[in-house]
1. Polar (S, T, N, Q) and within 17 Å of the chain's Cα centre (by Cα), is that true of Asn139?
2. Looking only at region 14-34, decide whether some residue is in contact with a Cys (Cβ under 8 Å, 6 or more places away or on another chain), at pLDDT below 95 and not charged (D, E, K, R).
3. On the given criteria, is Thr67 assigned to a loop (DSSP other than H, G, I, E, B), within 15 Å of the chain's Cα centre (by Cα) and polar (S, T, N, Q)?
4. Kindly indicate whether any position in region 87-106 is crowded, with 20+ Cβ neighbours inside 10 Å, without any contact (Cβ under 8 Å) to a residue 40 or more places away in the chain and among the aliphatic types (A, V, I, L, M).
5. Can you tell me which residue among Leu191, Leu158, Leu186 is modelled with pLDDT of 95 or more, assigned to a helix (DSSP H, G or I), surrounded by 12 or more Cβ atoms within 10 Å (Cβ to Cβ) and of a type outside the set (Ser, Thr, Tyr)?
6. Modelled with pLDDT of 95 or more, within 25 Å of Gly88 (Cα to Cα) and either of a type in the set (Asp, Glu) or assigned to a helix (DSSP H, G or I) (or both): which single residue out of Asp223, Asp259, Asp218, Asp273 fits that description?
7. Are there any pairs with C-beta distances below 6 angstrom linking a residue in region 47-73 that is acidic (Asp, Glu) and modelled with pLDDT of 95 or more to a residue that is surrounded by 22 or more Cβ atoms within 10 Å (Cβ to Cβ) and not in a helix (DSSP H, G or I), with the two at least 6 apart or on different chains, and if so which?
Amino acid sequence: MGILHGLIACLCWWAAAAAEAETAPPLILEDHPLAGTIYDLEQRRTVGFPELLEGMRRATYILLGETHDNMAQHANQVQVIEALSAAGHRPSATFEMIDDRQGEILKGRELGSAKYLVDLLNHVDTGWDYATYYLAVFNSVIGAGIPIRPANIERNRLAEMMAQEPVQWPVGLRRILADSPLPAALEHELLEEIVASHCGMLDETAARPMVAGQRLRDAAMTDSLLHDTGAQRLLLAGNGHVRKDRGVPMYLRRQVPADTVVVTLAMQEVEQDHNTLADYEAHWSAGVLPYDYVWFTPQADRGDPCADWQGKE
């Protein structure tokens, strides 16, 4: 299943996390030849962590992708945050995993610990298992004195918006979406991914509102970044949201001056017998990974992410 396996696993994990806390899946393929390797995709070469950090140093926007249940990827995010802090950077951190309703709860609060932050976030039922997956990331951000900002739309409100006509959506999000229409081929690709990621339990008619939901969330993340006042701004979000061809970077480019530096980093799980960059690029319709950098990590061993969906037709 390859790349698609990760997408399915991510969405199935999200549904499971909404029901109960869980244990992070163990890592496998830790001795894979690409595990730990970072590629500069523009230069088509491997780079070390110092070079990655140098590539980020002058960026106004740094978009850190992830697969949500992979703890190796969260450890990499912590490494980036702590390295930026040690180099004297104090960016803000905007999280896909924190919505606008939670943002209201956080306003004016002194966040002394990750545990306190998680307690506050859990006042809103979001489905995110913060205690299992995000304590280390939150600790690194709080320890560096970095402001934390929401990036997402509260899910009940998002569901309402998905059922509405676009003219009813908030003006700011409508403007961002109108300025960056999604090409038909990419919209169809997104639709197919959503259908596939639901393990055959969803047809295209049912999936179409989810395309709108994905675009609304990308626009909301963009809007949150644009309304920040920091000199450097981090976004932590799923790899799909930080894609340069159809995610937040595409929307940002239409809203900021042309010389604004935007850097995107995807965390890519390795696959058995996929030992070269070209093996991973072959999964993409454009033949390239739509990021500036990709950091390969061990894979989270989830078993069959569709197993729980069997028999629910």
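The values are calculated or read from the model by the stated rules, or taken from the named source; none is laboratory data. Everything numeric here is computed off the predicted structure, so don't read it as measured data. Note: ideal-geometry Cβ built from the backbone for every residue, glycine included; neighbour counts use all protein chains shown.
1. For Asn139, the condition - polar (S, T, N, Q) and within 17 Å of the chain's Cα centre (by Cα) - is not met.
2. No: zero hits.
3. Considered against the rule, which asks whether it is assigned to a loop (DSSP other than H, G, I, E, B), within 15 Å of the chain's Cα centre (by Cα) and polar (S, T, N, Q), Thr67 comes out as yes.
4. no
5. Leu158
6. Every option except Asp259 fails the conditions.
7. Taking only residues 6 or more apart or on different chains, the pairs are Glu66/Met267; Asp69/Ala300.
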